[in-house]
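**Student:** My questions all concern the structure below.
The values are calculated or read from the model by the stated rules, or taken from the named source; none is laboratory data. Quick caveat, the model's predicted, so the values are computed rather than measured. Glycine also receives a Cβ, built like all others from the backbone with ideal geometry; neighbour counts cover every protein chain displayed. Accessible surface is based on the protein model in full, side chains and every heavy atom, while ligands, DNA and RNA are left aside. Shrake-Rupley method; radii C 1.70, N 1.55, O 1.52, S 1.80 Å.
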Amino acid sequence: MKIKYSLLSVLFSLSCFYSVAQISGKIAGFVKDAKTDMPIQGAIVTVEGTELGTSTDINGHFKIDQVPTRSHTVKATFIGYIPQFKFDVIVTSGNTYMIEFRLEQAGKELKEVKVVASPFKRTAETPLSVQTLSRQEIISYPGGNNDIAKVVQSLPGVSGSVGFRNDIIIRGGAPNENVYYLDGIEIPNINHFATQGSSGGPVGMINVSFIEDVTLTTGAFNARYDNPLSGVLQFKQRNGSSERTQGNFRIGASEAALTLEGPVSKKKPNTTYIVSVRRSYLQFIFKAIGLPFLPSYWDYQYKVNHKINDKNELTLIGLGSIDNFSYNPPARKKDEADEDWFSRMSIYDRIPIYTQWTTTVGISWRHRIGNGYFNVALSSNFLNNEAAKNDSNDVNKPLILRYRSKENESKLRFELVKFVKQWRFSYGANIINSNYTNSTFNLLRAVPLVEVNYATRINFFRYGFFGQVTNTIGKLSSSLGIRSDGNTFSNYGNDLWKRISPRASLSYALTDRWTINASVGRYYKIAPYTILGYKDYLGNYVNKDAAYIRGDQINAGIEFVPFKATRITVEGFYKLYRNYPVSNRDSISLANVGGDFGVIGNEDITSTGRGKSYGVEVCFQQKFIKNFYGILAYTFYYSRFTGFNTSNYIPSTWDNRHLLSFTGGYKFKRNWEIGVRYRFLGKAPYTPIDTLASRLNYGVRGAGIPDYNKVNSARIGVYSVMDIRIDKKWNFRRYALNIYLDVQNVLRNIQPAAPEFVMTRNALNQIVTIDGQPYNGSNGMPYVIKSPTSGTSIPTIGVIIEF
């Protein structure tokens, strides 16, 4: 009997092994000409390290079946074109992995030289200061929780913000100096609970399941982009599967997401879709740990691609969010330290209830013409932002704050691109109809009583013209571009000659591995709508004279590519700012704000501020090869801005000086993977608290008031955090399962913060007063909380199911 059961066990094990051994996945996609976007028929696509391969059909389409379920490198080749590799292609049994190759034609001088396309994206217009992350690098990023904004913070020159916000701070510039594009459609913000007038927030909106790759440009901006001073973040979305209907369900640290994709019709797969919806359960986590506010959100995203014929293609995209705050009145925990209790009550005292929703929708038409193409994009984006607060957070008591604001933009953009031998010509224009409204009521509980109550509305047009010419001769590539922007609202807004924005770049290949690159440019950014639409108590638009912020940049560097998947770069940069807004109320540059919740720029300003940021970056990057991938980056820089005294440069809020980051991963057998992220930020400046003013105005603000006579004169401690992520994938007949463990701050290092001002409270939750009398909004006993003295690790488990 024992022998029988043993035999049955062996047979069962063998059958299971056989079933697993037969499980495989599929790779499909298209091969196109990088310039014309036309399909390439007869291109050879192979899976490196196997005998699998195929050729493309008349539509440039290919499909490879029976691919082993693991990570692969896929290669595409065609006569007269430079071969291209796609690294870290994760094949599962759940979804068909879709790839798009865009092959570049080989020049005559390269016919006898073995050349492969670099996986590190750069162009003659932007030969340096550019980094690209693939879909898989983002998905498996430790500590990122599938949040693209967090992933970007580990790239060279990007400091990010400390804590739970997603501010992208590039080379010492403010968070609102960046622009974001989703498949060529501009989106004003990529975060939930966005800071109006800036760009940050605590949670990203973009679903990583849509992404083909993400490209961050920190200098040498193409002339087609308006408004960047520090960075351009481009999200390239993949098309939905043309093979079959498929999808994935993901549940992570703070939300659950469902994504579906496929062809609209199996008979005519020229129309594909991909759509997703996400719901947060962050509010339940915040409530469990006793935080005084509970954020929750929904978001959605979609893309529909329709190929009319070989020359015409339509793309429809959409992205939106619904964000809400609610109160969670704190109850003192057993044995809770005074500092922790006072801090939670301080947050409860000062935070209003936020309600926000956003939406962006865009449609683009791409038409191919002889030796070129043109793009026409029409889009609209909308932001509705509201905040409210009652006395003592009791809706039955008087209203202290009511803020209601809307921003709506309708945009039309046209660009024509032509290729003439080694020349590339592009030119175009864009026009934007901007509509901004703001209704603010703020009852300040001060002596004497102060009431702020005004409403504003502006509707105007913004427009711009641009052109760029690029040439490649042998080892030398060069590009010249020019742009000018105007508007119909601000003083001198139509004086285009005052904002001529030239730029130039050069790239020279010393050898097939060494390249030197340089760029110079002048860029302009219009002031935020919160500034332009602000009115004084007489109803005057006091900021109509707000000038465009000017940024002049010089970048130079050298690139070394020792192997096809490895790159080492060294770059120096210098940024010079003019016309930066300075607060007439606080006399500080608005370059120092934007890394917190609320509204930025809703005040009277003067465009007299100056600034400069300069430094050097070193980066080592390896795409997935031999089971390893990683990015190691170090940046040393200074970031300084002035107030009204334009000769007095002081460190900005983003002047960390030292940025060090490492992100890497190793893939083991049986679909195990481990990833590690380490980030080090130098000591960031902060402005000390004016204790007296804070005590006298605590009833108004519920928080400390900075001493602006000592702007950024102190610094917090260094930020040093390591995150680890472990993934395990299982592949079954019709679906795949991925379970991961993500541990943030695994070493339990202290996360620094500026000292916090709160009021001392007694056991009855009453503010202790200096004079022993009832609290009247100005006589509370101050208590300044020091920076944290201990760190906390945050472990989370996530599940991804592909079907």
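**Student:** Filter segment 233-256 down to the residues that are closer than 30 Å to Glu177 by Cα and small (Gly, Ala, Ser), then identify the one that is most open to solvent (accessible area, probe 1.4 Å). Walk me through how you get there before you give the answer.
**Tutor:** Of segment 233-256, the ones closer than 30 Å to Glu177 by Cα are 233-239, 253-255.
If we keep only those that are small (Gly, Ala, Ser) as well, we get 253-254.
Values: Ala253: 27, Ser254: 11 Å².
This residue is Ala253.
**Student:** Can I ask one more? Which residue is nearest to Glu603 (Cα to Cα), if the candidates are limited to segment 436-459 and must be at pLDDT 95 or above and surrounded by fewer than 16 Cβ atoms within 10 Å (Cβ to Cβ)?
**Tutor:** Arg457
**Student:** Counting only residues that are surrounded by fewer than 24 Cβ atoms within 10 Å (Cβ to Cβ) and within 30 Å of Phe325 (Cβ to Cβ), how many does segment 217-232 have?
**Tutor:** Residues that pass the stated criteria total 1.
**Student:** Could you check how many residues of segment 612-641 are of a type in the set (Ser, Thr, Tyr), in contact with a Pro (Cβ under 9 Å, 6 or more places away or on another chain) and over 17 Å from Leu128 (Cβ atoms)? Steps first, answer last, please.
**Tutor:** So in segment 612-641, the residues of a type in the set (Ser, Thr, Tyr) come out as 613-614, 629, 634-635, 637-639.
Add one more test, that the residue is in contact with a Pro (Cβ under 9 Å, 6 or more places away or on another chain), and what stays is 634-635, 638-639.
Now drop any that are not over 17 Å from Leu128 (Cβ atoms), which leaves 638-639.
Selection size over segment 612-641: 2.
**Student:** Looking only at segment 376-397, which residues are within 25 Å of the chain's Cα centre (by Cα) and buried (at least 19 other Cβ atoms within 10 Å of the Cβ)?
**Tutor:** Taking segment 376-397 and keeping what is within 25 Å of the chain's Cα centre (by Cα), we get 376-387.
Residues satisfying the conditions are Ala377, Ser379, Asn381, Leu383, Asn385, Ala387.
**Student:** Now, a different point. What's the number of the condition Glu177 fails, among (1) of a type in the set (D, E, K, R); (2) over 17 Å from Ile600 (Cα atoms); (3) surrounded by 24 or more Cβ atoms within 10 Å (Cβ to Cβ)?
**Tutor:** (2)
**Student:** Condition (residue is closer than 25 Å to Gly362 by Cα and either surrounded by fewer than 18 Cβ atoms within 10 Å (Cβ to Cβ) or of a type in the set (Ser, Thr, Tyr) (or both)) applied to segment 292-299: is it met by at least one residue?
**Tutor:** If we filter segment 292-299 for residues that are closer than 25 Å to Gly362 by Cα, which is where we start, we get 297-299.
Applying the additional criterion that residues be either surrounded by fewer than 18 Cβ atoms within 10 Å (Cβ to Cβ) or of a type in the set (Ser, Thr, Tyr) (or both) yields 297-298.
There is at least one residue in segment 292-299 that is closer than 25 Å to Gly362 by Cα and either surrounded by fewer than 18 Cβ atoms within 10 Å (Cβ to Cβ) or of a type in the set (Ser, Thr, Tyr) (or both).
**Student:** Okay, moving on. Which residue is surrounded by the fewest Cβ atoms within 10 Å (Cβ to Cβ), if the candidates are limited to segment 154-165 and must be of a type outside the set (A, V, I, L, M) and modelled with pLDDT of 85 or more?
**Tutor:** Going residue by residue through segment 154-165, those that are of a type outside the set (A, V, I, L, M) are 154, 156-157, 159-161, 163-165.
With the extra rule that they be modelled with pLDDT of 85 or more, the set shrinks to 156-157, 159.
On the way: Pro156: 24, Gly157: 27, Ser159: 28.
Here the answer is Pro156.
**Student:** Taking Gly772 and the conditions (1) surrounded by fewer than 15 Cβ atoms within 10 Å (Cβ to Cβ); (2) modelled with pLDDT of 85 or more; (3) among the small types (Gly, Ala, Ser), which numbered condition does it fall short on, given that it satisfies the others?
**Tutor:** Every condition holds for Gly772 apart from (2).
**Student:** Being hydroxyl-bearing (Ser, Thr, Tyr) and either part of a strand (DSSP E or B) or surrounded by fewer than 22 Cβ atoms within 10 Å (Cβ to Cβ) (or both) is the filter here, so list the residues in segment 79-92 that pass it. Before the answer, list the steps.
**Tutor:** So in segment 79-92, the residues hydroxyl-bearing (Ser, Thr, Tyr) come out as 81, 92.
Within segment 79-92, just Tyr81 meets the criteria.
**Student:** Looking at segment 300-345, which of the residues that are among the hydroxyl-bearing types (Ser, Thr, Tyr) and open to solvent by less than 60 Å² (accessible area, probe 1.4 Å) is farthest from Tyr273 (Cα to Cα)? It would help to see each step written out before you state the result.
**Tutor:** Start the filter on segment 300-345 by keeping residues that are among the hydroxyl-bearing types (Ser, Thr, Tyr), which leaves 300, 302, 315, 321, 326-327, 343.
Next cut, open to solvent by less than 60 Å² (accessible area, probe 1.4 Å) only: 315, 321, 326-327, 343.
Working: Thr315: 10, Ser321: 20, Ser326: 35, Tyr327: 39, Ser343: 47 Å.
My answer is Ser343.
**Student:** Every residue in segment 659-680 that is without any contact (Cβ under 8 Å) to a residue 60 or more places away in the chain and farther than 17 Å from Asn745 by Cα, please.
**Tutor:** Of everything in segment 659-680, those that are without any contact (Cβ under 8 Å) to a residue 60 or more places away in the chain and farther than 17 Å from Asn745 by Cα turn out to be Tyr666, Phe668, Lys669, Arg670, Trp672.
**Student:** When Val593 is evaluated against the numbered criteria (1) open to solvent by less than 50 Å² (accessible area, probe 1.4 Å); (2) in contact with a strand residue (DSSP E or B) (Cβ under 7 Å, 6 or more places away or on another chain), which criterion, by number, is the only one it fails?
**Tutor:** That leaves (2) as the condition not met.
Here is a yes/no grid of residues against (1) at positive phi; (2) free of Cβ contacts under 8 Å to residues at least 40 places away in the same chain; (3) in contact with a Lys or Arg (Cβ under 9 Å, 6 or more places away or on another chain):
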residue	(1), (2), (3)
Pro202	no, no, yes
Asp213	no, no, yes
Ala223	no, no, yes
Asn227	yes, no, yes
Phe235	no, no, no
Phe249	no, no, no
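**Student:** Here are some residues: Thr46, Thr36, Thr50. Which one is touching a Gly at 6+ places or on another chain (Cβ under 8 Å), under 30 Å from Lys669 (Cα atoms) and either in a loop (DSSP other than H, G, I, E, B) or open to solvent by 40 Å² or more (accessible area, probe 1.4 Å) (or both)?
**Tutor:** Thr46
**Student:** Let me ask something additional. Going by the structure shown, is Thr646 assigned to a loop (DSSP other than H, G, I, E, B) and in contact with a helix residue (DSSP H, G or I) (Cβ under 8 Å, 6 or more places away or on another chain)?
**Tutor:** Working: assigned to a loop (DSSP other than H, G, I, E, B): yes; in contact with a helix residue (DSSP H, G or I) (Cβ under 8 Å, 6 or more places away or on another chain): no.
When the stated conditions are applied, Thr646 does not pass them.
**Student:** Continuing with the same structure: Could you check segment 623-643 and list, in sequence order, the residues that are open to solvent by 30 Å² or more (accessible area, probe 1.4 Å) and either part of a strand (DSSP E or B) or not charged (D, E, K, R) (or both)? Reasoning before the result, please.
**Tutor:** To start, the set of residues in segment 623-643 that are open to solvent by 30 Å² or more (accessible area, probe 1.4 Å) comprises 625-628, 632, 634, 636, 638, 640.
If the condition is that a residue be open to solvent by 30 Å² or more (accessible area, probe 1.4 Å) and either part of a strand (DSSP E or B) or not charged (D, E, K, R) (or both), then Ile625, Asn627, Phe628, Leu632, Tyr634, Phe636, Tyr638, Arg640 are the ones that fit.
**Student:** I've got another one for you. On the given criteria, is Ala556 within 21 Å of Pro228 (Cα to Cα), touching a residue at least 12 places away in the same chain (Cβ under 8 Å) and buried (at least 24 other Cβ atoms within 10 Å of the Cβ)? Even if it seems obvious, please write down each step before you answer.
**Tutor:** Working: within 21 Å of Pro228 (Cα to Cα): yes; touching a residue at least 12 places away in the same chain (Cβ under 8 Å): yes; buried (at least 24 other Cβ atoms within 10 Å of the Cβ): no.
It is false that Ala556 is within 21 Å of Pro228 (Cα to Cα), touching a residue at least 12 places away in the same chain (Cβ under 8 Å) and buried (at least 24 other Cβ atoms within 10 Å of the Cβ).
**Student:** Please find, within segment 258-297, the residue that is farthest from Phe342 (Cα to Cα) out of those that are part of a strand (DSSP E or B) and in contact (Cβ under 8 Å) with a residue 60 or more places away in the chain.
**Tutor:** Filtering segment 258-297 for residues part of a strand (DSSP E or B) gives 258-263, 271-280, 293-297.
Now drop any that are not in contact (Cβ under 8 Å) with a residue 60 or more places away in the chain, which leaves 274, 276, 278, 280, 295, 297.
Numbers: Ile274: 47, Ser276: 41, Arg278: 34, Ser280: 28, Pro295: 21, Tyr297: 28 Å.
Checked segment 258-297; the qualifying residue farthest from Phe342 (Cα to Cα) is Ile274.
**Student:** Can you tell which of Ile206, Ile285, Ile190 is open to solvent by 30 Å² or more (accessible area, probe 1.4 Å) and either among the hydrophobic types (A, V, I, L, M, F, W, C) or out of contact with any strand residue (DSSP E or B) (no Cβ under 8 Å at 6 or more places or on another chain) (or both)?
**Tutor:** Details: Ile206 fails: open to solvent by 30 Å² or more (accessible area, probe 1.4 Å); Ile190 fails: open to solvent by 30 Å² or more (accessible area, probe 1.4 Å).
That would be Ile285, the only listed residue that is open to solvent by 30 Å² or more (accessible area, probe 1.4 Å) and either among the hydrophobic types (A, V, I, L, M, F, W, C) or out of contact with any strand residue (DSSP E or B) (no Cβ under 8 Å at 6 or more places or on another chain) (or both).
**Student:** Tell me the residue from Phe757, Phe803 that is crowded, with 16+ Cβ neighbours inside 10 Å, in contact with a strand residue (DSSP E or B) (Cβ under 8 Å, 6 or more places away or on another chain) and under 26 Å from Gln136 (Cα atoms), please. Lay out the reasoning, then the answer.
**Tutor:** Working: Phe757 fails: under 26 Å from Gln136 (Cα atoms).
Going through Phe757, Phe803 in turn, just one is crowded, with 16+ Cβ neighbours inside 10 Å, in contact with a strand residue (DSSP E or B) (Cβ under 8 Å, 6 or more places away or on another chain) and under 26 Å from Gln136 (Cα atoms): Phe803.
**Student:** Tell me yes or no: at least one residue of segment 704-718 is modelled with pLDDT under 95, on the phi > 0 side of the Ramachandran plot, in a loop (DSSP other than H, G, I, E, B) and in contact with a strand residue (DSSP E or B) (Cβ under 6 Å, 6 or more places away or on another chain).
**Tutor:** yes
**Student:** List the strands (runs of 3 or more DSSP E) inside segment 462-532, counting only whole elements, that have at least 1 residues being under 25 Å from Gln196 (Cα atoms) and polar (S, T, N, Q). Don't jump to the end; show me each part of the working.
**Tutor:** On the way: elements: 476-487, 500-509, 514-525.
Hits in segment 462-532: 476-487.
**Student:** Among (1) of a type outside the set (S, T, N, Q); (2) free of Cβ contacts under 8 Å to residues at least 24 places away in the same chain; (3) open to solvent by less than 60 Å² (accessible area, probe 1.4 Å), there is one condition Lys535 misses while meeting the rest; what is its number?
**Tutor:** (2)
**Student:** Identify, by number, the condition in (1) in a strand (DSSP E or B); (2) open to solvent by 30 Å² or more (accessible area, probe 1.4 Å); (3) modelled with pLDDT under 95; (4) not aromatic (Phe, Trp, Tyr) that Asn602 doesn't meet.
**Tutor:** Condition (1) is where Asn602 drops out.
**Student:** Something else now. For segment 561-590, what are the residues that are open to solvent by less than 50 Å² (accessible area, probe 1.4 Å), farther than 30 Å from Asn491 by Cβ, in a strand (DSSP E or B) and of a type outside the set (Val, Ile, Thr)?
**Tutor:** Pro562, Arg567, Glu571, Gly572, Phe573
**Student:** Which numbered condition in (1) open to solvent by 40 Å² or more (accessible area, probe 1.4 Å); (2) at pLDDT 95 or above is the only one that Leu659 fails?
**Tutor:** Result: Leu659 passes all but (1).
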